[in-house]
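Colleague: Shown below is the structure under consideration.
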Amino acid sequence: MEDIDPGLARERTTLAWFRTALAFVAVGGIILRAAPVVGGLTLGMGAVIYLAGRAAAPAWPLTPERRRHVLILITVTVVLVSMIALVTIFFAAETLFPIP
């Protein structure tokens, strides 16, 4: 695999990670009022997503071994954030979405 950057792909990827993290932080801030624990978890997930995005697009070229480690780290992070989000939704559904 060549280490050539085709156009602005790296910048678009970095911006996509940043937008996703920002969305988690915004939603976490809104949820924080109704359910502080869930809001705190969501804010924390936003920080984790931001850090994963920083690891996904480093400013320096990676060796194949290091690239494999980064991809595994990102995969594990995305799976964990998804699992935490699902568990949070299932256990906090009554608090976040009260049924009248």
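Colleague: Just to be sure, is residue 75 surrounded by fewer than 13 Cβ atoms within 10 Å (Cβ to Cβ) and either modelled with pLDDT of 85 or more or under 18 Å from residue 10 (Cβ atoms) (or both)? Please lay out each step first, then the result.
Modeller: Details: surrounded by fewer than 13 Cβ atoms within 10 Å (Cβ to Cβ): yes; either modelled with pLDDT of 85 or more or under 18 Å from residue 10 (Cβ atoms) (or both): yes.
In short, yes.
Colleague: If we scan region 60-68, do we find a residue that is surrounded by 11 or more Cβ atoms within 10 Å (Cβ to Cβ), out of contact with any helix residue (DSSP H, G or I) (no Cβ under 6 Å at 6 or more places or on another chain), touching a residue at least 40 places away in the same chain (Cβ under 8 Å) and part of a helix (DSSP H, G or I)?
Modeller: Within region 60-68 (the criterion being surrounded by 11 or more Cβ atoms within 10 Å (Cβ to Cβ), out of contact with any helix residue (DSSP H, G or I) (no Cβ under 6 Å at 6 or more places or on another chain), touching a residue at least 40 places away in the same chain (Cβ under 8 Å) and part of a helix (DSSP H, G or I)), the answer is no, since none of the residues qualifies.
Colleague: Determine, yes or no, whether residue 53 is surrounded by 13 or more Cβ atoms within 10 Å (Cβ to Cβ), more than 23 Å from residue 15 (Cα to Cα) and not hydrophobic (A, V, I, L, M, F, W, C). Before the answer, list the steps.
Modeller: Details: surrounded by 13 or more Cβ atoms within 10 Å (Cβ to Cβ): yes; more than 23 Å from residue 15 (Cα to Cα): no; not hydrophobic (A, V, I, L, M, F, W, C): yes.
It is false that residue 53 is surrounded by 13 or more Cβ atoms within 10 Å (Cβ to Cβ), more than 23 Å from residue 15 (Cα to Cα) and not hydrophobic (A, V, I, L, M, F, W, C).
Colleague: Looking at this structure, is residue 87 surrounded by fewer than 14 Cβ atoms within 10 Å (Cβ to Cβ) and either of a type in the set (Phe, Trp, Tyr) or over 14 Å from the mean Cα position of the chain (by Cα) (or both)?
Modeller: Values: surrounded by fewer than 14 Cβ atoms within 10 Å (Cβ to Cβ): yes; either of a type in the set (Phe, Trp, Tyr) or over 14 Å from the mean Cα position of the chain (by Cα) (or both): yes.
Judged against the criteria, residue 87 is a match.
The values are calculated or read from the model by the stated rules, or taken from the named source; none is laboratory data. Quantities reported herein were computed from a predicted structural model and do not represent experimental measurements. Positions of Cβ are generated from backbone atoms using ideal geometry, with glycine treated the same way; all protein chains shown enter the neighbour counts.
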